[in-house]
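The values are calculated or read from the model by the stated rules, or taken from the named source; none is laboratory data. This is a predicted model, so every value here is computed, not measured. Cβ placement follows ideal geometry from the backbone for every residue including glycine, while neighbour counts extend to all protein chains displayed.
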Amino acid sequence: MKRLVIFCVLFVLIGAYLFRQFSHIAIGAKPAANAPTDAPAGTWLTDFSAAKEQAARENKELLIDFTGSDWCGECQQLDAKVLNTYEFQQFAKNYVLVRLDFPHDHELSAALREQNDALRNQYGLEGFPTVIIATASGQEISRSEGYFGAAPAVYFASFQPRHH
C-alpha cells in the first residue's frame, strides 16, 4: 500500500512538471501582452501585406496555402497529413505562413474576401489546394497543386526553393 501511495505521488508530480514544461504549446494560446507583433513560427497569417512585411524583416520566403477549409476534401487531407505534423513545423521555420481560405459554410470579412479573391487571380489559381512558395515581395518561386496523399517529406521535396 505504501508503494502505491508513493507511486501515485510521483505520478502526480511528474505529470505536473510535464504540464508546466509543455503547457505553452496549447492550441489557441494567446501571446503575452508584451509579445512581439510578428507572428511566431508556425502561425498562419491571413493578412497578405502583413505577411510580406514580416517575411522582408525576417529575410524569409512566404508559404501560401490556398484552401477551401470546410468543403475541399484534398485540402482537409493536406492539413491532417502534412500541414499539422511535426515535420511541417520544422520545415515551416524557414517561411512566413499565409493561409488564404475560400470557405463555403462561413463568411469572411469583406476585406479578407476581396484580398483572397485578388490573390487567387494574381497567382492564376486553377484548383484547391494550391500551395505556393514566394519571395518576401510575393513573387512566385514554386507551387504544388492538389494533394494525393504524399508523406510530408515527399510533399516538401517539391518546395525546395529555386534561387536564380
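Return the residues of the stretch 113-164 that are modelled with pLDDT of 95 or more and among the basic types (Lys, Arg); say none if nothing qualifies.
Result: Arg113, Arg120.
When only residues in the stretch 37-84 that are at pLDDT below 95 and hydroxyl-bearing (Ser, Thr, Tyr) count, which is nearest to Phe148 (Cα to Cα)?
Going through the qualifying residues, I end up with Thr43.
Taking only pairs six or more apart or across chains, which ones have beta-carbon atoms under 8 Å, a first residue in the stretch 54-80 that is without any contact (Cβ under 8 Å) to a residue 12 or more places away in the chain, and a second residue that is hydroxyl-bearing (Ser, Thr, Tyr) and surrounded by 15 or more Cβ atoms within 10 Å (Cβ to Cβ)?
Gln76/Ser69
Please go through (1) more than 21 Å from Gly42 (Cα to Cα); (2) in a helix (DSSP H, G or I); (3) in contact with a Pro (Cβ under 8 Å, 6 or more places away or on another chain) for Gln115 and return the number of the only condition it doesn't satisfy.
That leaves (3) as the condition not met.
Please go through the stretch 88-131 and pick out each residue that is under 21 Å from Tyr155 (Cβ atoms) and surrounded by fewer than 16 Cβ atoms within 10 Å (Cβ to Cβ).
Of everything in the stretch 88-131, those that are under 21 Å from Tyr155 (Cβ atoms) and surrounded by fewer than 16 Cβ atoms within 10 Å (Cβ to Cβ) turn out to be Gln89, Gln90, Lys93, Asn94, Glu126, Gly127.
For the stretch 125-145, which positions are touching a residue at least 60 places away in the same chain (Cβ under 8 Å) and either under 18 Å from Ala50 (Cα atoms) or in contact with a Pro (Cβ under 7 Å, 6 or more places away or on another chain) (or both)?
Ile132, Ile133, Ala134, Thr135, Ala136, Ser137, Gly138, Ile141
Examine the stretch 149-160 for a residue that is more than 16 Å from the chain's Cα centre (by Cα), in a helix (DSSP H, G or I) and of a type in the set (Val, Ile, Thr), and state whether such a residue exists.
Yes, the stretch 149-160 contains a residue that is more than 16 Å from the chain's Cα centre (by Cα), in a helix (DSSP H, G or I) and of a type in the set (Val, Ile, Thr).
Of these, Ile141, Ile64, Ile133, which one is more than 18 Å from the chain's Cα centre (by Cα), part of a strand (DSSP E or B), under 22 Å from Asp47 (Cα atoms) and among the hydrophobic types (A, V, I, L, M, F, W, C)? Full working, then the answer.
Details: Ile64 fails: more than 18 Å from the chain's Cα centre (by Cα); Ile133 fails: more than 18 Å from the chain's Cα centre (by Cα).
Unique residue meeting the criteria: Ile141.
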